[in-house]
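Right, one structure below, let's go through it.
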Amino acid sequence: KGRDRMKKLIFLDLDGTLWNNEKVPLSALSAILQAKKNGHKIFANTGRTYCEAITSLLPLQLTGHCFSAGSEIYVGDKTILFDPLPAHSVKKMTSYLLKHHVGVSMEGSHRVYQDPINHSCFAKTIAEDANNEALRRFMILEDISQATKEDYNQFMKIFLCNPNGVDISTIQKGVEPDSELTMFGLDSGEITNAKHNKGTAIQTLKQYFNNAYETVALGDSENDLTMFDVADISVAMGNAKKEIQEKTDFVTTDISDNGLQYAFEKLGII
């Protein structure tokens, strides 16, 4: 019972967990508001960089945000961690990938650039799914040739599109030792800072709050597994793949079936 009464640090993945196409279900908004009133702290924990999500997140007034797969962490307006990929690594990896005809988006905390391969991949996806608001911002990004010297100090990750079917072992050869490749199937992937992930973000904040809170992680995909590994309680959304659900303590309902609210109720958060 003591554990039940312990206040929670709650970490929410974005796409497929908190929102669909950046639209948060009304029941999730209400659950977040109630949880905060009950003294729990709520963080977004996402692979997206600051500039790719903050505008949509600000109205939710969360306790804080973990961006860029754990390499950029904020509590309120306070920066707890900001650890971009080394500029020389970004240059080297980008040049290697382009030479091997792999598409590249250099995703910065403040600005994002992409090459023509990624641009055409995103254009194709939008043409097939007109409701995909999340991807529309990729249509107006500048070409990577426009990135300035200052920009190279704010790149948090590299997103890859692989329409030419380049072998994953070839892509892996271009990844610098300080970086880590995660593929999402064969068609796309991302390179992030090897020191950080969504799980290390939870550990950092648990320490920041002097281990006074029990941690809860909610997610639905492969890049949430590091969260599930370290959280005291892990929750998969009902819309998560079976193999993701099997790695969690509890499976809630689908995002469109009040999944977040149901999980909060079941865990005694609200």
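The values are calculated or read from the model by the stated rules, or taken from the named source; none is laboratory data. Predicted, not measured: the structure shown is a model, and the values here were computed from it. Every residue, glycine as well, gets a Cβ built from its backbone with ideal geometry; the counts of neighbours run over all protein chains shown. SASA here: full protein model, heavy atoms, side chains in, ligands and nucleic acids out. Shrake-Rupley method; radii C 1.70, N 1.55, O 1.52, S 1.80 Å.
Summary table below
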| item | result |
| --- | --- |
| Verdict on Ile117 being open to solvent by less than 20 Å² (accessible area, probe 1.4 Å), of a type in the set (A, V, I, L, M), closer than 20 Å to Val90 by Cβ and assigned to a helix (DSSP H, G or I) | no |
| Filter result for the condition that a residue is in a helix (DSSP H, G or I), more than 17 Å from Met6 (Cβ to Cβ) and of a type in the set (Val, Ile, Thr), over Thr226, Thr253, Thr248 | Thr226 |
| Condition broken by Thr55, with the remaining ones in (1) on the phi > 0 side of the Ramachandran plot; (2) open to solvent by 20 Å² or more (accessible area, probe 1.4 Å) satisfied | (1) |
| Residue in the range 1-28 that is modelled with the highest pLDDT, counting only those that are open to solvent by 70 Å² or more (accessible area, probe 1.4 Å) and out of contact with any Phe, Trp or Tyr (no Cβ under 6 Å at 6 or more places or on another chain) | Leu26 |
| Tally of residues being open to solvent by 60 Å² or more (accessible area, probe 1.4 Å) and outside any loop (DSSP other than H, G, I, E, B) across the range 186-213 | 3 |
| Extreme residue, farthest from Ser234 (Cα to Cα), among residues of the range 36-58 that are assigned to a loop (DSSP other than H, G, I, E, B) and small (Gly, Ala, Ser) | Gly39 |
| Unmet criterion (only one of (1) part of a helix (DSSP H, G or I); (2) closer than 21 Å to Gly108 by Cα) for Met156 | (1) |
| Filter result for Asp115 (of a type in the set (Asp, Glu) and either closer than 24 Å to Leu58 by Cβ or under 19 Å from the mean Cα position of the chain (by Cα) (or both)) | no |
| Subset of the range 122-153 [part of a helix (DSSP H, G or I), in contact (Cβ under 8 Å) with a residue 40 or more places away in the chain and among the small types (Gly, Ala, Ser)] | Ala134 |
| Residues that are among the aliphatic types (A, V, I, L, M) and either under 21 Å from Lys8 (Cα atoms) or not in a helix (DSSP H, G or I) (or both), drawn from the range 20-35 | Val24, Ala28, Leu29, Ala31, Ile32, Leu33, Ala35 |
